[in-house]
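The structure under discussion appears below in the form of structure tokens.
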Amino acid sequence: QVQLVESGGGLVQTGGSLRLSCAASGGTFSHYTMGWFRQAPGKEREFVARFSWSGLRTYYADSVKGRFTISRDNAKNTMYLQMNSLKPEDTDVYYCAASVSVGTSDFRAYSSWGQGTQVTVSS
């Protein structure tokens, strides 16, 4: 099972930017659907962005479309989430995840998770 480690979270002002990284090990990156999710305390984990299983297409939650960009470097087994024009409502713990299922945005289909990285956007 692939192991995932996120980095890059932090505190930023409204309108600012952050780039999250997700380093994968112990598995072949291209064999998984890779995605980003976020979760606030007491709330269900929420889909943010993901790749198709092939890695050729990207999908975004409506709330982040046009502001966030998901990308990957297969040679480095690393996935990224560039977050621009951040808003206070983007404050959450962000997780990267891997699924052996083809093309899903349902967090319950993802079996491998990183430890999470906190993103805080101040108003």
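The values are calculated or read from the model by the stated rules, or taken from the named source; none is laboratory data. Remember, it's a predicted structure, so these values are computed and weren't measured experimentally. All Cβ positions, glycine included, derive from the backbone under ideal geometry; neighbour counts span all protein chains shown. Note: accessible area is taken over every heavy atom of the protein model, side chains too, but ligands, DNA and RNA are not part of it. Shrake-Rupley method; radii C 1.70, N 1.55, O 1.52, S 1.80 Å.
One table, with the values for the structure above:
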| read-out | value |
| --- | --- |
| Count of region 90-120 residues which are surrounded by fewer than 21 Cβ atoms within 10 Å (Cβ to Cβ) and among the hydrophobic types (A, V, I, L, M, F, W, C) | 6 |
| Scan of region 1-23 for residues that are at pLDDT 95 or above and among the hydrophobic types (A, V, I, L, M, F, W, C), ordered by number | 4, 5, 11, 12, 18, 20, 22, 23 |
| Identity of the residue in region 6-34, hydroxyl-bearing (Ser, Thr, Tyr) and assigned to a loop (DSSP other than H, G, I, E, B), that ends up surrounded by the most Cβ atoms within 10 Å (Cβ to Cβ) | 32 |
| For residue 37: the one exception among (1) free of Cβ contacts under 8 Å to residues at least 24 places away in the same chain; (2) crowded, with 17+ Cβ neighbours inside 10 Å; (3) under 19 Å from residue 121 (Cα atoms) | (1) |
| Output for region 52-89, where each listed residue is within 18 Å of residue 108 (Cβ to Cβ) and either open to solvent by less than 50 Å² (accessible area, probe 1.4 Å) or assigned to a loop (DSSP other than H, G, I, E, B) (or both) | 53, 61 |
